[in-house]
Each structure stands twice: as structure tokens, then as C-alpha cells.
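Just below is one structure, and these are the notes that go with it.
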Amino acid sequence: MSTTLRVAVVGAGPAGIYAADILSKSGVEVSIDLFERLPAPFGLVRYGVAPDHPRIKQIIVALHKILERGDIRLLSNVDYGADLSLEELRRFYDAVIFSTGAIKDAELRIPGIELPGSYGAADFVSWYDGHPDVPRTWPLEAEQIAVIGAGNVALDVARILAKHPEDLLPTEIPENVYEGLKRNPVTDVHVFARRGPAQVKFSPLELRELGHVPDVDVIVYPEDFDFDEGSMAAIHSSNQTKQVVKTLTDWTLKEPEELTASRRIHLHFLHRPAAVTGDGKVEGLRTERTALTGDGTVTGTGEMHEWPVQAVYRAVGYFGSPLPGIPFDDVAGVISNREGRVVQADGEPMPGVYTTGWIKRGPVGLIGHTKSDATETIKHLVADAESLDRAPERDLDAVTDHLKAKGVHYAEWSGWMLLDAWEQKLGAPHGRERVKVVPREEMLAIIRGEV
């Protein structure tokens, strides 16, 4: 029997690719297959980053270099749970690493959140990023919109909603998204954070970019500015917090005559969402004014505000989804694990099963943080390698023969290269890096060389 360790990684986003790369350089003799549910790899970087963030998109270049080496085999368009079970994977692999991320919106439990016109940010991001599993159209009918959240996703959503679509044309924005945004009647986007300016989770660069969107004014209200002892400590101890507060403070000093844009983004602090209001559809948002308590946390004051809006987007975080046959923590939205080793209900490790990325630790940290996270998981896998039960079917073709027998039309790296070239070809006449192909069947036809 071969001594080469056979490992499957399920999920070809940054977490899965980094884990595969680190394992390939660990000194263990290993053969790695990387499974992806979608036809294209790269996960969150392709389908979760706003198209007008080319710097972050450059992470794809680094991930691309890892996969083009050829020592990690990509098998995309293979859905764990539907096309392959854990039991099936264990026939072919000695260890399985799950890196499926977190793609659902976290819940916001306030009255009226279920009204028509209330949306999750994750769904909207998937639409404007051309995710193949979401509808081609999006209901953009509101003139006034509320975005609930105090992180970069809230800023992304607000910016894409307010930005004139012509200013997105140099990006890889799909044609259907551009056409949808052209019909967007929005004039005002209101972003609500329940804590103060020193507690928001915006990155300084993302925030500054908001101030450079053509024909969009950013409005910040002096009455929303308050700093307690905890706030001052955060400002003095964190250069990032200091930069964010400075940018926001500068915006409060704008004179009314400077605000001449046709669209506006309003940033509101110390407002807790209390209810989405409306008769059969979203007609408003009710917030409660909050007050800082001294340590950076807030308490309600009982002072309520009504905001006339026709749509509400909640950007309060992502949440993981359970996987068949894998222990799951329903409260935290992660696979039950201890430092990347998947653990069963009795606390004992599930032999040969590991996890990394957001589905391991929750949706916190930037994309780069997944490297250190993957390192921890791989350290344990390497330590366990000698004791792992060996899979009975070890031939490299065994798993692909099995998929073919089940009628699963998987794609490999060569197929992605065809799609990559096709998208770049679509963009070239317009001076764009690429134009994304959105429908799954069209993606697969290109990957198979059928067009």
C-alpha cells in the first residue's frame, strides 16, 4: 500500500487553498485533491468581495499561483453532501479538511425584519458578484435605503447601492448587474451602527474610499459623536481606530454648501435598530438612540427615531451552514472542533476529519488571517498522520472514476483556465480585466470547451 498520505480539502476558497499549500510544504509525502461546489475556484475572493476592490482581488493572483503549480488537483462542480458523502470520501482519502466558509447572513431578530424589501447583505453581495446560484435580477426600487451594520460589508453594500453604475464599468461587474443598477432610483443610503465612532469595524482604507465615490456625498452627524473612557483608550491604543475616527471627524466639518452630489451616504452612530416598520412591505426603520457606558459598550436610552426607507439591508455578519455527517455548533455556526480537529458530541476527535477557515472559527478576521488558521489545522493533521487509518482505494483515478459513474460532471484546473481566458476575452474590447460569466451552465459549457 502506498505510503503517500491522501487528503481531500472540501472548499476551494482562500482557506482551503492555503491549507492545501501549507500541507504540500509540510514535509509529509502527500497527494491533495481540492473539491469545490461551484464551477470556479477562489470562493469569497471571487464571490464575496465588491468588484471595485481590485487590491483585494489581487489575492486571487496569489491563490492562482498556488493552484497552477499542479501538485494540488482541483475538482470543481462537486457538491459535498449531494455528489459525495463523508463515507464516500473516506474510501479514497486518509484525511478530509472542511473549508466551506460561511455564506449565509446572520440573523437580526427585530420585529418586521421579514417584510418584503428587507434583505440580507450576503444575498446582495452574491448578486452583484455574479454568483451562479442566485437570481439574475435584484429588486432595486427604493429611493431611501437603510443598511444595518458597522463593518466593511455594510460599507460595501452602501457604496454599491449609491455608486453610479457607469463608475463600476471598469470592474468585472457582470452585465446583468450593471443593467440592474442602471435602474436604481436611490438618492439616500443610511448606515446605522449601534455603538460610537470609535467602536466601528470599518478598515481605514475602506472608509476613506467611501469619500472618493464620484457624485456621492458622505454625511456624518456631530450629534452622533460621543467618546467615553473606553473609546479614548481604543483611539490611543490602535492606529486603525485613530485613522477611522479622524476620517469620520473630518466629514463632520463639511459645510452644507459642499454637499452638492445627487446621491448621499449617511453614517449614523449610536442608533440601535429596534424594528422594521411597514404595512405589507418595508416603509421605515425604527432605531433607539444608545449611549456609551464608559467601557465602549452601549445601553438604550428609550429615545426612538423613525426613518422613512423603502428597503433595509442587514449586514450584521455571516453564519456557517451545517454539513451532512459533520458535528456542528448551531449557536456559533461553526463545525465543532478543537484547533481544527473536528470533535464529536462526546468531545472526542473524529479521526481523520479536520476544518479550517470561517467554518472553523466563525466569520471573523480578514482573508489573510486564514493563513495562520490553516497552519494550526495542518500542524495537527501532520502530527496525526502516522496514526490515521488508510483509505482502501488509493489510486488517483479511483475518485474521478467514482464521480463519472455517478454522473457528476466535475471540472479540473485546465477547465478553469478556459473559463478564465474566456472572461478576460469578454473584457478586453472594453478595456476591462474581465467580465464574469454568471450562469452555471454557461460556465460549464466553456469549461468543457463546448463553445
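Among the candidates V298, V309, V244, single out the residue that is over 24 Å from N184 (Cβ atoms), touching a strand residue (DSSP E or B) at 6+ places or on another chain (Cβ under 8 Å), in the same structural domain as I110 (by TED's automatic domain parsing) and β-branched (V, I, T).
Just one listed residue meets the conditions, V298.
How many residues, within the range 378-404, are surrounded by 15 or more Cβ atoms within 10 Å (Cβ to Cβ), in contact with an Asp or Glu (Cβ under 8 Å, 6 or more places away or on another chain) and not in a helix (DSSP H, G or I)?
Selection size over the range 378-404: 2.
Across the range 188-214, which residue is nearest to the chain's Cα centre (by Cα) among those that are within 19 Å of Y128 (Cβ to Cβ) and outside any helix (DSSP H, G or I)?
Going through the range 188-214, the residues within 19 Å of Y128 (Cβ to Cβ) turn out to be 189, 191, 206, 209-210, 213-214.
Pick out the ones that are also outside any helix (DSSP H, G or I) and you get 189, 191, 213-214.
On the way: V189: 21, V191: 19, V213: 22, P214: 26 Å.
Result: V191.
Is at least one residue of the range 121-128 polar (S, T, N, Q), assigned to a helix (DSSP H, G or I) and surrounded by fewer than 21 Cβ atoms within 10 Å (Cβ to Cβ)?
Within the range 121-128 (the criterion being polar (S, T, N, Q), assigned to a helix (DSSP H, G or I) and surrounded by fewer than 21 Cβ atoms within 10 Å (Cβ to Cβ)), the answer is yes, since at least one residue qualifies.
Scan the range 340-353 and tell me whether some residue there is in contact with a strand residue (DSSP E or B) (Cβ under 8 Å, 6 or more places away or on another chain) and either in the same structural domain as P170 (by TED's automatic domain parsing) or basic (K, R) (or both).
yes
Could you give every pair whose Cβ atoms fall below 7 Å, whose first residue belongs to the range 146-166 and is within 10 Å of V191 (Cα to Cα) and touching a residue at least 24 places away in the same chain (Cβ under 8 Å), and whose second residue is of a type in the set (K, R) and crowded, with 24+ Cβ neighbours inside 10 Å, counting only separations of at least 6 or pairs across chains?
I148/R314; G149/R314
Of the residues that make up the range 344-354, is at least one part of a loop (DSSP other than H, G, I, E, B), on the phi > 0 side of the Ramachandran plot and either in contact with a Pro (Cβ under 7 Å, 6 or more places away or on another chain) or modelled with pLDDT of 95 or more (or both)?
Of the residues in the range 344-354, the ones part of a loop (DSSP other than H, G, I, E, B) are 344-348.
Filter once more, so that each one left must be on the phi > 0 side of the Ramachandran plot: 347.
From what is left, the residues that are either in contact with a Pro (Cβ under 7 Å, 6 or more places away or on another chain) or modelled with pLDDT of 95 or more (or both) are none.
For the range 344-354, residues part of a loop (DSSP other than H, G, I, E, B), on the phi > 0 side of the Ramachandran plot and either in contact with a Pro (Cβ under 7 Å, 6 or more places away or on another chain) or modelled with pLDDT of 95 or more (or both): absent.
Can you work out which of the residues in the range 405-417 that are assigned to a helix (DSSP H, G or I) and surrounded by fewer than 16 Cβ atoms within 10 Å (Cβ to Cβ) is farthest from the chain's Cα centre (by Cα)?
Once the filter is applied, the top-ranked residue is A405.
Does G431 count as at pLDDT below 95, buried (at least 16 other Cβ atoms within 10 Å of the Cβ) and not basic (K, R)?
So G431 fails the test.
Going by what's in this entry, would G112 be described as among the small types (G, A, S), assigned to a loop (DSSP other than H, G, I, E, B) and within 15 Å of the chain's Cα centre (by Cα)?
Answer is no for this residue.
Out of the residues in the range 286-315 meeting the condition of being β-branched (V, I, T) and under 31 Å from the mean Cα position of the chain (by Cα), tell me which one is surrounded by the most Cβ atoms within 10 Å (Cβ to Cβ).
Ranking the candidates gives V312 first.
Please indicate, with yes or no, whether at least one residue in the range 59-80 is surrounded by fewer than 19 Cβ atoms within 10 Å (Cβ to Cβ), in a helix (DSSP H, G or I) and among the basic types (K, R).
yes
Could you list, in sequence order, the residues of the range 321-331 that are assigned to a loop (DSSP other than H, G, I, E, B), surrounded by 11 or more Cβ atoms within 10 Å (Cβ to Cβ) and out of contact with any helix residue (DSSP H, G or I) (no Cβ under 9 Å at 6 or more places or on another chain)?
Within the range 321-331, P322, P327 qualify.
Being buried (at least 23 other Cβ atoms within 10 Å of the Cβ) and under 10 Å from I22 (Cβ atoms) is the filter here; which residues of the range 350-372 pass it?
T356
Does V45 satisfy the criteria of being more than 20 Å from S372 (Cβ to Cβ), modelled with pLDDT under 95 and either in the same structural domain as A154 (by TED's automatic domain parsing) or not in a loop (DSSP other than H, G, I, E, B) (or both)?
The answer is no for V45.
The values are calculated or read from the model by the stated rules, or taken from the named source; none is laboratory data. Remember, predicted model here, so these are calculated numbers, not experimental data. All Cβ positions, glycine included, derive from the backbone under ideal geometry; neighbour counts span all protein chains shown.
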